[in-house]
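The values are calculated or read from the model by the stated rules, or taken from the named source; none is laboratory data. Quick caveat: nothing in here was measured; it's all calculated off a predicted structure. Cβ sites come from the backbone with ideal geometry, for glycine too, and all protein chains shown count toward neighbours. The protein model used for the area step is the full one, side chains on, heavy atoms only, and it has no ligands, DNA or RNA in it. Shrake-Rupley method; radii C 1.70, N 1.55, O 1.52, S 1.80 Å.
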Amino acid sequence: MTPTKGVPAMQSVETVLLLVVLATVVATFARRLSIPAPSLLVVAGVVVGLLPGVPEIRATPELVSLVVLPPLIYAAGEEMPWRDLRAVWRPVTVLAIGLVLASAGVVGLVAAAVAPLPASMAFVLGAVLASTDPVAVSALGRRLSLPPRIRVLVQAESLFNDATSLVLFRLAVLAAIAGGAVSFESIAGEFALLAGGGVIVGLVVAAGIWLIRRRTVDPVLETVIALVSPYSAYVLAETIGGSGVTAVVVCSIVLGAQTPKITTAHIRLQIDAVYGTVIFILESAVFALIGLQLPYLVRALAGSDPGWPWQALVITAALIAVRFLWVFPLGWIMQIRRGNKRLNWRTSTVVSWAGARGVVPLAAVLSIPLLADDGQPVPQRDLVLALATTVIVITLVAQGFTLAPLVKRAGIARTPAEARKEQDVANMRLAEAGLAHLEQLYDLETAPHDVLDRLRQALLTRIDRGDTPEEPPGSSTAAVYRRLRRDLLAVEMAELARLFDDGAIDDNTRRRLQRTLDLEDARLGDDP
């Protein structure tokens with residue numbers, strides 16, 4: 001963020017702090033009212049930006065892309081289970097490449113027709129808005145009880161379509177700013193460098209961090225490494241000309257799958273607490289910042305182009321329409337491949353509507369240079385910024401507020417009763433695995449029977465009532481109890497991983513039960 005001329009530095013700092021406090025309060029109320037926080041934060045940002053006397057806060061591309069974006073992308077990628085990602089890679093590829101190209105082309109043509117933009121800048125706008133935003137889609141999707149396949153489909157699309165849109169953006173900027181010629185060879189080379197470079201850097205950084213974390217037992221060091229990981233992948237990829245976003249996505253997915261194997265319960269609980277706080281603050285601040293940008297950009301356009309609001313509405317409508325026209329045939333083809341010739345319009349409608357734009361398009365549009373190579377101002381840059389930001393705000397607000405009712409209306413959401421039943425069944429399977437392990441210990445005579453009896457009774461209670469095991473006894477057998485209970489926790493963690501790998505439970509259930517087991521491990525205390 002850069003302060004406006006004449007605004008003292010201290011006042012800018014105070015405004016930033018006020019922004020964080022405002023975002024936190026709004027996000028808290030959004031959770032209590034069951035309203036999507038990103039959408040409400042954008043509205044709050046617009047309202048605050050319109051108030052008289054509020055100093056202008058301008059987001060810089062460095063702030064958004066380097067400081068805010070990597071950890072938010074990393075958090076979204078860690079939520080992506082590799083098992084579910086393998087199941088949707090074909091439609092994700094079609095959406096991440098085909099739909100991005102179609103969206104960029106349609107938006108570019110519509111923008112050139114309705115707005116006073118040169119063709120080159122119209123296609124810059126199309127490239128900026130071509131991809132859905134992983135931060136916005138993940139933030140909106142967390143509160144929706146979508147079936148695992150649909151949730152992974154929309155989140156994976158938003159994570160992997162950035163490489164395509166960034167290639168288009170770089171080529172469009174080259175044509176608009178430098179007057180460069182665009183050829184098939186340049187497109188293929190740019191895409192290979194962005195996507196391929198991002199994937200390679202992501203894998204290399206993930207391997208290095210894996211080697212470090214599997215040898216680290218200090219929770220503080222583990223937390224620092226977890227916080228630094230997304231920045232390492234992003235900066236290294238951008239340094240070699242690759243896609244920093246792709247590198248962070250690959251790194252997060254790889255490490256997310258390995259987290260239970262390279263961390264302990266104490267470390268996972270601490271990282272979750274710290275990272276959850278960081279992500280909450282960054283998400284809250286960045287969505288409020290998106291709203292704050294709009295009044296500033298509107299004032300910058302005052303008197304120059306009074307028709308920009310309806311132009312933004314037309315562009316938004318075109319963006320949504322091309323997504324519907326692309327997703328519905330794709331959904332029909334997928335149904336035919338499964339032997340069902342009837343189109344599931346409910347699923348296709350939800351996927352079509354879950355295409356909000358957000359942080360990544362904002363970072364891209366802010367990075368458009370001020371001057372062309374000949375030293376002249378880039379034509380209509382302010383209008384492109386205003387149109388892109390307006391479209392982002394419209395999608396976040398309109399789609400954000402209506403997505404949950406649409407999911408409910410479509411009848412595809414998992415009910416709380418279904419989720420509880422799945423968790424109860426899985427919890428019983430874990431207890432049964434623990435009982436089977438205890439029977440082996442009885443046969444081997446390797447532990448006192450009174451301790452084994454206590455553990456057995458606790459597991460039987462879980463099966464009967466779903467209660468958690470009791471606290472360790474405060475006697476001379478406490479150390480033996482603690483050791484055996486941790487052995488049982490390891491058995492239950494292995495059973496949990498097996499249930500997930502076999503498709504018996506979804507990722508949300510796995511994460512909830514893993515946290516329950518981690519909390520129980522923490523309650524046992526440290527070994528003497």
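Things worth noting here:
- The single residue among Ile240, Ile209 that is open to solvent by 50 Å² or more (accessible area, probe 1.4 Å) and over 16 Å from the mean Cα position of the chain (by Cα) turns out to be Ile240.
- Scanning the range 405-421 for residues that are closer than 15 Å to Ser348 by Cα and surrounded by 14 or more Cβ atoms within 10 Å (Cβ to Cβ) yields Leu406, Val407, Ala410, Ile412, Ala413.
- Selection from the range 347-394 of residues that are open to solvent by less than 40 Å² (accessible area, probe 1.4 Å) and in a loop (DSSP other than H, G, I, E, B): Ala354, Gly355, Ala356, Arg357, Gly358, Ile368, Ala372, Val378
- Scanning the range 400-454 for residues that are touching a Phe, Trp or Tyr at 6+ places or on another chain (Cβ under 8 Å) and in contact (Cβ under 8 Å) with a residue 24 or more places away in the chain turns up Thr402, Leu403, Leu406, Val451, Leu452, Arg454.
- Apart from one condition, Val152 fits all of (1) touching a Ser or Thr at 6+ places or on another chain (Cβ under 9 Å); (2) touching a residue at least 60 places away in the same chain (Cβ under 8 Å); (3) hydrophobic (A, V, I, L, M, F, W, C); the exception is (1).
- Scope the range 388-408; condition hydroxyl-bearing (Ser, Thr, Tyr) and closer than 11 Å to Ala136 by Cβ; matching residues: Thr395
Table: residues versus (1) surrounded by 24 or more Cβ atoms within 10 Å (Cβ to Cβ); (2) under 17 Å from Ser103 (Cβ atoms); (3) polar (S, T, N, Q).
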| site | (1), (2), (3) |
| --- | --- |
| Ala122 | yes, yes, no |
| Leu129 | yes, yes, no |
| Ala139 | yes, no, no |
| Pro147 | no, no, no |
| Asp162 | yes, yes, no |
| Val167 | yes, yes, no |
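- Residue among Val425, Val397 that is within 30 Å of Pro91 (Cβ to Cβ), surrounded by fewer than 18 Cβ atoms within 10 Å (Cβ to Cβ) and modelled with pLDDT of 85 or more: Val425
- Meets criteria (acidic (Asp, Glu) and at pLDDT 85 or above) for Glu432: yes
- Hey, Arg342 under 21 Å from the mean Cα position of the chain (by Cα) and not hydrophobic (A, V, I, L, M, F, W, C) or not: no
- Residue check, Gly358 of a type outside the set (Ser, Thr, Tyr) and closer than 30 Å to Val224 by Cα: yes
- Flag if Arg381 is in contact with an Asp or Glu (Cβ under 6 Å, 6 or more places away or on another chain) and at pLDDT 85 or above: no
- Condition broken by Ala76, with the remaining ones in (1) touching a Leu at 6+ places or on another chain (Cβ under 9 Å); (2) under 18 Å from Val327 (Cα atoms) satisfied: (2)
- In the set Pro260, Pro306, only one residue is open to solvent by 50 Å² or more (accessible area, probe 1.4 Å) and modelled with pLDDT under 85; that residue is Pro306.
- Cβ-Cβ contacts under 8 Å between residues 6 or more apart (or on different chains), taken from a first residue in the range 110-124 that is under 13 Å from Pro379 (Cα atoms) to a second residue that is among the acidic types (Asp, Glu) and open to solvent by 10 Å² or more (accessible area, probe 1.4 Å), are listed as Ala115/Asp305; Pro116/Asp305.
- Residue, nearest to Ile240 (Cα to Cα), within the range 199-219, restricted to residues that are out of contact with any helix residue (DSSP H, G or I) (no Cβ under 6 Å at 6 or more places or on another chain) and at pLDDT below 90: Arg215
- Taken over the range 391-413, the criterion of being farther than 19 Å from Leu129 by Cα and either within 19 Å of the chain's Cα centre (by Cα) or of a type in the set (A, V, I, L, M, F, W, C) (or both) is satisfied by Phe401, Leu403, Ala404, Leu406, Val407, Ala410, Ile412, Ala413.
- Hits in the range 477-496 - residues which are in contact with a helix residue (DSSP H, G or I) (Cβ under 7 Å, 6 or more places away or on another chain) and closer than 19 Å to Arg83 by Cβ: Met493, Glu495, Leu496
- Considering Val314, Val278, Val327, Val322, the condition of being open to solvent by 50 Å² or more (accessible area, probe 1.4 Å) and either modelled with pLDDT of 85 or more or more than 29 Å from Thr60 (Cβ to Cβ) (or both) is satisfied by Val314 alone.
- Close pairs (6 angstrom Cβ cut-off, 6 or more residues apart or separate chains): in contact (Cβ under 8 Å) with a residue 40 or more places away in the chain in the range 498-525, among the β-branched types (Val, Ile, Thr) and open to solvent by less than 10 Å² (accessible area, probe 1.4 Å) anywhere: Leu499/Ile505
- Flag for Val351 being touching a strand residue (DSSP E or B) at 6+ places or on another chain (Cβ under 7 Å) and farther than 21 Å from Ser65 by Cα: no
- Given (1) open to solvent by 50 Å² or more (accessible area, probe 1.4 Å); (2) at pLDDT 85 or above; (3) part of a loop (DSSP other than H, G, I, E, B), index of the condition Asn340 fails: (2)
- Taking first residues from the range 94-105 that are within 15 Å of Leu153 (Cα to Cα) and free of Cβ contacts under 8 Å to residues at least 40 places away in the same chain and partners that are surrounded by fewer than 24 Cβ atoms within 10 Å (Cβ to Cβ) and not polar (S, T, N, Q), no Cβ contact under 6 Å between residues at least 6 apart in sequence or on separate chains turns up.
- Where helices (runs of 4 or more DSSP H) sit wholly within the range 30-113, those with at least 1 residues that are in contact with a Gly (Cβ under 6 Å, 6 or more places away or on another chain), among the aliphatic types (A, V, I, L, M) and buried (at least 19 other Cβ atoms within 10 Å of the Cβ) occupy 37-50.
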